[in-house]
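Asks: For reference, the structure I am asking about is given below.
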Amino acid sequence: MAQETMSFQTEVKQLLQLMIHSLYSNKEIFLRELVSNASDAADKLRFEAIADGSLLENDPDLRIRVTHDAAARTITIDDNGIGMSRDEAIANLGTIAKSGTRDFFDRLSGDQQKDAALIGQFGVGFYSGFIVADRITVETRRAGKPAAEGVRWESAGDGEFAIETIERAQRGTTITLHLRADEDELLSSWKLKSLIQKYSDHIALPILMQKEEWDAEKSEMVVKDEFETVNQASALWTRSKNDIDAEQYTSFYKHLAHTQDDPLAWTHNRVEGRTEYTQLLYLPSKAPFDLWDRSQRGGLKLYVKRVFIMDDAEQLLPSYLRFIRGVVDSSDLPLNVSREILQESRDVRAIRDGVTKRVLSMLEELAENEADKYATFWGEFGQVLKEGIGEDNANRERLAKLVRFSSTHDDSDAQKVSLAEYVGRMKESQTKIYYVSADSWRAARNSPHLEVFRKKGIEVLLLTDRVDEWMLSFLTEFEGKPIASVARGDLDLVPDEAEKEVQEQVGDALKPLVEKAKEVLKDKAKDVRLTFRLTDSPSCLVADDGAMSGYLQRMLKAAGQ
Ligand code: ADP
Ligand code: MG
């Protein structure tokens, strides 16, 4: 078929502009992205070959090759993975399939470091090749298709790309970057190797480069036809903990989470018994942009006996732990497992329980031993963890210990106080844990309800997150102490003898006033009571015990209910 010229989707054009003009100082990421695509292509082939072994043709050893040609000024990344049909090439290399592209543009900060990290997260890695190349040629053939259905795709990264059908014996994809004028630095085996080792060491597939030898006669390096593996090429989680150092764990995380940030913590172990699996779980140090988008899948990468099965296996994690990143490799699940099967599987439930416990232990350890890191975690993900109090009955007590509040004790809006600390500071006569909730920290701490507590030196938790009231409807006590709103019902603050006497006298004296107020307000207030809980304000509204609090009422109203 003759060559055809097509136009990129508008978003792609914008993206290319951005890549080329503003991500220049992070240009090295192009290799990581292209190698990661080659590795994905191998994963996909391995997966499809479970059902149809003939797809492997006579070439079952999957690998990636990275070569360069100094004379032609090109770098080539070649894989024998799944490849692309003509339609797939048009769709995958001409549009941005994933939703949220608008979001991507909105989130660009102008900070090159941060923006470069977003590229991987948004699945627009292929286009990063244009940072260093002024022309990219892709030749590909989908596994299982005849040699006559090869495809050549080419673009200069302006507005269009050309596509034509070619003869291609080799399955998989060959990507050739024609380097921009000032990128000669990349035309060196040493440079390419160091980039691969820096960014792609944890790719489980062998990455091969041509051997080079010093030729004494010519007095220069000579490239041999022989290839050697330049990365570790083993799945990190299958290795023994003792053989993995912190840097390797960190770099695997960056690959997994498409980020340049270090993780806060990780946990890695093999679970044996009725259900057997390996888990490597990471706690990120920063929330992703879509943490609050409930439709976003979160979860772990699922492997079965080292074969990649799926990304974002949300059945492996409760939704309140959706920020955890990592890998689960199961020995029990069938290779042809689908999301539907996952939902029903007893093994999956066992894994999910195990993963949850493991994450909670990791958080407990962090809270205990690394307060700074725990504070970082809480700032980024605390509100999400609070959802667990309502969602996870079995672990509610453990979760309650992990929750942090801001409180009148330290008078700071940072959420640092645990319920255990609060209980440790309770006054002898105090029987309840008190909280006040409001739209903001300022409003909470200025609440008139707090006056009497201040006077008596009783600590009150200041709740300002949207999930707080909902959470407390599931968490009604802690270590046997009821958790009570300062705005609800009678307070049991025990007055001392002198106070009692004064209160009785005042009570008698003001009885007529209270009666009068009741009469005047009979359509508006259920009851009018004399209170000693205020010290500066003359009156305040309270909710009945068991009735909705003012804040929750306002919130539901705002939500149209
Ligand atoms: P992502 O990898 O997140 O999907 P990319 O921009 O990196 O986003 O790649 C876009 C798509 O192009 C991939 O999803 C894949 O379908 C296709 N693709 C890219 N490189 C290859 C390759 N080497 N082999 C097969 N398909 C590829
Ligand atoms: Mg990619």
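The values are calculated or read from the model by the stated rules, or taken from the named source; none is laboratory data. Computed from a prediction, not measured in an experiment: that's the story for all the values here. Here the Cβ is made from the backbone with ideal geometry for all residues, glycine too, and neighbour counts use every protein chain on show.
Asks: Would you mind telling me which numbered condition in (1) within 19 Å of residue 388 (Cα to Cα); (2) of a type in the set (Ser, Thr, Tyr); (3) at pLDDT 85 or above residue 295 fails?
Replies: Checking residue 295 against (1) within 19 Å of residue 388 (Cα to Cα); (2) of a type in the set (Ser, Thr, Tyr); (3) at pLDDT 85 or above, the one that fails is (3).
Asks: So in the range 155-210, with the set limited to residues that are under 34 Å from the mean Cα position of the chain (by Cα) and hydroxyl-bearing (Ser, Thr, Tyr), which one is surrounded by the fewest Cβ atoms within 10 Å (Cβ to Cβ)?
Replies: 194
Asks: Residues that are closer than 23 Å to residue 164 by Cβ: list the strands (runs of 3 or more DSSP E) wholly contained in the range 1-106 that include at least 3 such residues.
Replies: Where strands (runs of 3 or more DSSP E) fall fully within the range 1-106 and carry at least 3 residues being closer than 23 Å to residue 164 by Cβ, they are 4-7, 74-79.
Asks: Suppose we filter the range 272-292 for residues that are assigned to a loop (DSSP other than H, G, I, E, B) and modelled with pLDDT of 85 or more; how many remain?
Replies: Adding up the residues that qualify gives 9.
Asks: Identify, from the list 363, 385, 333, the residue that is more than 19 Å from the chain's Cα centre (by Cα), crowded, with 18+ Cβ neighbours inside 10 Å and aliphatic (A, V, I, L, M).
Replies: Matching residue, one of 363, 385, 333: 333.
Asks: With the requirement that a residue be surrounded by fewer than 17 Cβ atoms within 10 Å (Cβ to Cβ) and within 26 Å of residue 503 (Cα to Cα), what does the range 437-450 give you?
Replies: 446, the sole residue that qualifies.
Asks: Moving on to the next point. When the range 83-124 is examined, which residues are found to be at pLDDT 65 or above, polar (S, T, N, Q) and within 16 Å of ligand 1 (Cβ to nearest atom)?
Replies: Selection gives 85, 92, 95.
Asks: Restricting attention to the range 190-209, does a residue exist that is acidic (Asp, Glu) and within 30 Å of residue 363 (Cβ to Cβ)?
Replies: Among the residues of the range 190-209, at least one is acidic (Asp, Glu) and within 30 Å of residue 363 (Cβ to Cβ), which makes the answer yes.
Asks: Return yes when residue 37 is free of Cβ contacts under 8 Å to residues at least 24 places away in the same chain and closer than 30 Å to residue 305 by Cβ and no when it is not.
Replies: Answer is no for this residue.
Asks: Could you please let me know if residue 312 is in contact with a Gly (Cβ under 7 Å, 6 or more places away or on another chain) and either not in a strand (DSSP E or B) or not aliphatic (A, V, I, L, M) (or both)?
Replies: Considered against the rule, which asks whether it is in contact with a Gly (Cβ under 7 Å, 6 or more places away or on another chain) and either not in a strand (DSSP E or B) or not aliphatic (A, V, I, L, M) (or both), residue 312 comes out as yes.
Asks: Oh, and also: Kindly indicate whether any position in the range 71-82 is touching a helix residue (DSSP H, G or I) at 6+ places or on another chain (Cβ under 7 Å), at pLDDT 95 or above, within 16 Å of ligand 2 (Cβ to nearest atom) and over 17 Å from residue 145 (Cβ atoms).
Replies: Yes, that holds for at least one residue.
Asks: Considering the range 454-464 alone, what residues qualify as being buried (at least 16 other Cβ atoms within 10 Å of the Cβ) and either touching a residue at least 60 places away in the same chain (Cβ under 8 Å) or assigned to a loop (DSSP other than H, G, I, E, B) (or both)?
Replies: 458, 459, 460, 464 - these are the residues of the range 454-464 that are buried (at least 16 other Cβ atoms within 10 Å of the Cβ) and either touching a residue at least 60 places away in the same chain (Cβ under 8 Å) or assigned to a loop (DSSP other than H, G, I, E, B) (or both).
Asks: Let me ask something else about it. For the range 139-235, list the strands (runs of 3 or more DSSP E) that sit wholly inside it and hold at least 2 residues that are more than 15 Å from ligand 1 (Cβ to nearest atom); which are they?
Replies: Passing ranges, in order: 160-166, 172-179, 207-215, 220-229.
Asks: So, in the range 23-68, exactly how many residues are charged (D, E, K, R) and within 13 Å of ligand 2 (Cβ to nearest atom)?
Replies: Residues that pass the stated criteria total 5.
Asks: Among the residues of the range 12-25, are any of a type in the set (D, E, K, R), within 15 Å of ligand 1 (Cβ to nearest atom) and more than 23 Å from the chain's Cα centre (by Cα)?
Replies: yes
Asks: Among the numbered criteria (1) within 26 Å of residue 169 (Cα to Cα); (2) more than 16 Å from ligand 2 (Cβ to nearest atom); (3) modelled with pLDDT of 90 or more; (4) surrounded by 14 or more Cβ atoms within 10 Å (Cβ to Cβ), which one does residue 134 miss?
Replies: Evaluating residue 134 over (1) within 26 Å of residue 169 (Cα to Cα); (2) more than 16 Å from ligand 2 (Cβ to nearest atom); (3) modelled with pLDDT of 90 or more; (4) surrounded by 14 or more Cβ atoms within 10 Å (Cβ to Cβ) leaves (1) as the failure.
Asks: Same structure again: Among (1) in contact (Cβ under 8 Å) with a residue 40 or more places away in the chain; (2) under 30 Å from residue 307 (Cα atoms); (3) within 32 Å of the chain's Cα centre (by Cα), which single condition is residue 141 missing?
Replies: With (1) in contact (Cβ under 8 Å) with a residue 40 or more places away in the chain; (2) under 30 Å from residue 307 (Cα atoms); (3) within 32 Å of the chain's Cα centre (by Cα) applied to residue 141, the lone miss is (3).
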